[in-house]
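Asker: To start, I am sharing the structure in question, which I have written as structure tokens.
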Amino acid sequence: MNKIKETISRDDIIEAFSALPSLPVVIQKLHNLIEDQNIDIKTVSNVIETDPGFTARVLKLVNSPFYGLSRGVTSVGEAITILGFDAVHQLILTTSLLKVFDSDSTEPSIKDFWHHSFGVGTIAKHLIDQNDKDTRNEVFLCGILHDIGRLIFIKIAPELFSWFYYKRGAATGINEEAEYYEIDHQKTGQLLAEKWNFPDSIAMAIGQHHSPLNADKYQLHASAIHIADILSRALALGDSGNSFVSEFYPEAWKLLDLSMNQLGDRLTKAFEEIDSQQDTIKDLCS
Ligand SMILES: [Fe+2]
Ligand SMILES: [Fe+2]
């Protein structure tokens with residue numbers, strides 16, 4: 001343990017931040033547009049079309065067999081009409097993050113990592129009141145990013161990550177992580193969200209997703225991520241290197257104010273959405 005600790009420190013992690021690119025401009029622009037109540041398809045498609053890579057992804061998704069369209073869609077505007085703003089926004093966000101954190105990691109595989117992140121984001125979004133669109137969008141982003149702190153650990157020293165989480169044969173919780181890296185993945189992720197100027201709600205929920213009651217006025221965001229994280233683990237949705245089961249906070253579940261029947265319905269919808277984008281995520285990771 002001591003030998004490993006000599007090779008990595010909080011300073012190494014903070015330094016790694018400077019090597020990370022800023023969030024792509026398209027994401028920032030889309031985020032601002034989607035916040036705007038008077039959003040229109042033309043403006044959004046114009047922003048997307050400034051990036052050929054994003055344009056290709058959107059068209060590939062809408063033309064995938066999942067949507068079963070009888071003819072090919074060739075314009076981003078038409079794709080938005082079919083998929084909806086939210087699905088397009090989520091696709092672009094996920095694509096960008098995958099590009100920023102491109103990695104050859106095998107433990108966990110990058111595909112499993114994003115499967116977990118996308119699963120948590122999608123489930124968390126469906127746990128929120130369906131009329132509260134703003135919170136749903138924010139919570140999706142929190143879910144996608146919630147374990148991003150671990151990708152920074154992987155980026156700095158993948159072989160140490162593999163040893164620490166998979167090979168040393170001991171459960172790895174937040175406390176062990178904080179001892180080993182001198183900072184845990186919640187805090188590392190929060191720092192990244194702050195670097196990228198995400199709203200406080202997102203930074204705070206990432207920073208407290210394993211202790212959602214400490215998230216002050218963003219307890220609802222953090223609770224949705226906390227419960228979605230536990231559910232996605234139970235449902236074997238991907239892997240983010242976490243072998244330990246997070247402590248369950250019943251108060252977080254109560255905050256969501258859902259009956260078991262409602263939970264069943266919401267999970268069904270979440271799984272439909274996860275299935276619809278599965279091929280795209282696999283494709284992005286290959
Ligand atoms: Fe986590
Ligand atoms: Fe997680």
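The values are calculated or read from the model by the stated rules, or taken from the named source; none is laboratory data. Being a predicted model, the structure only gives us computed values, none of them experimental. Don't worry about glycine lacking a Cβ; one is built from the backbone with ideal geometry, like all the others, and counts go over all protein chains shown. For accessibility, only protein heavy atoms count, side chains too; no ligands or nucleic acids. Shrake-Rupley method; radii C 1.70, N 1.55, O 1.52, S 1.80 Å.
Asker: Given the conditions (1) within 23 Å of the chain's Cα centre (by Cα); (2) crowded, with 17+ Cβ neighbours inside 10 Å; (3) among the polar types (S, T, N, Q), report the number of the one that residue 45 does not fulfil.
Answerer: Condition (1) is where residue 45 drops out.
Asker: Check whether at least one residue in region 206-228 is in contact (Cβ under 8 Å) with a residue 40 or more places away in the chain, in contact with a helix residue (DSSP H, G or I) (Cβ under 7 Å, 6 or more places away or on another chain), over 24 Å from residue 31 (Cβ atoms) and surrounded by fewer than 17 Cβ atoms within 10 Å (Cβ to Cβ), and report yes or no.
Answerer: No, that holds for no residue.
Asker: If a residue must be surrounded by fewer than 18 Cβ atoms within 10 Å (Cβ to Cβ) and modelled with pLDDT of 85 or more, how many such residues does region 237-254 contain?
Answerer: The qualifying residues number 5.
Asker: For residues that are over 20 Å from residue 12 (Cα atoms) and crowded, with 16+ Cβ neighbours inside 10 Å, scanning just region 143-169, find the one that is nearest to ligand 2 (Cβ to nearest atom).
Answerer: Here the residue is 146.
The rows are residues; the columns are (1) surrounded by fewer than 21 Cβ atoms within 10 Å (Cβ to Cβ); (2) assigned to a helix (DSSP H, G or I); (3) within 13 Å of ligand 1 (Cβ to nearest atom); (4) among the aliphatic types (A, V, I, L, M).
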| site | (1), (2), (3), (4) |
| --- | --- |
| 112 | yes, yes, no, no |
| 116 | no, yes, yes, no |
| 130 | yes, no, no, no |
| 135 | yes, yes, no, no |
| 171 | yes, no, no, yes |
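Asker: Which one of 100, 120 is within 20 Å of residue 153 (Cβ to Cβ), touching a His at 6+ places or on another chain (Cβ under 9 Å) and not aromatic (Phe, Trp, Tyr)?
Answerer: 120
Asker: Filter region 210-258 down to the residues that are under 17 Å from the mean Cα position of the chain (by Cα) and among the charged types (D, E, K, R), then identify the one that is nearest to ligand 2 (Cβ to nearest atom).
Answerer: 229
Asker: Please tell me if residue 92 is part of a helix (DSSP H, G or I), touching a His at 6+ places or on another chain (Cβ under 8 Å) and surrounded by 15 or more Cβ atoms within 10 Å (Cβ to Cβ).
Answerer: No, not satisfied.
Asker: Test of understanding: among 86, 102, which residue is outside any helix (DSSP H, G or I) and modelled with pLDDT under 85?
Answerer: 102
Asker: Checking residue 13 against (1) at pLDDT below 70; (2) of a type in the set (A, V, I, L, M); (3) under 22 Å from the mean Cα position of the chain (by Cα), which test does it fail?
Answerer: That leaves (1) as the condition not met.
Asker: Could you grab me the full set of residues in region 174-207 that are over 12 Å from residue 142 (Cα atoms), assigned to a loop (DSSP other than H, G, I, E, B) and out of contact with any Ser or Thr (no Cβ under 8 Å at 6 or more places or on another chain)?
Answerer: Within region 174-207, 183, 184, 197 meet the criteria.
Asker: Here's something else I'd like to know. Which of the residues that make up region 191-205 are within 16 Å of ligand 1 (Cβ to nearest atom) and open to solvent by 20 Å² or more (accessible area, probe 1.4 Å)?
Answerer: 191, 204
Asker: Let me ask something additional. If a residue must be within 10 Å of ligand 2 (Cβ to nearest atom) and modelled with pLDDT under 85, how many such residues does region 113-142 contain?
Answerer: Of the residues in that region, 0 qualify.
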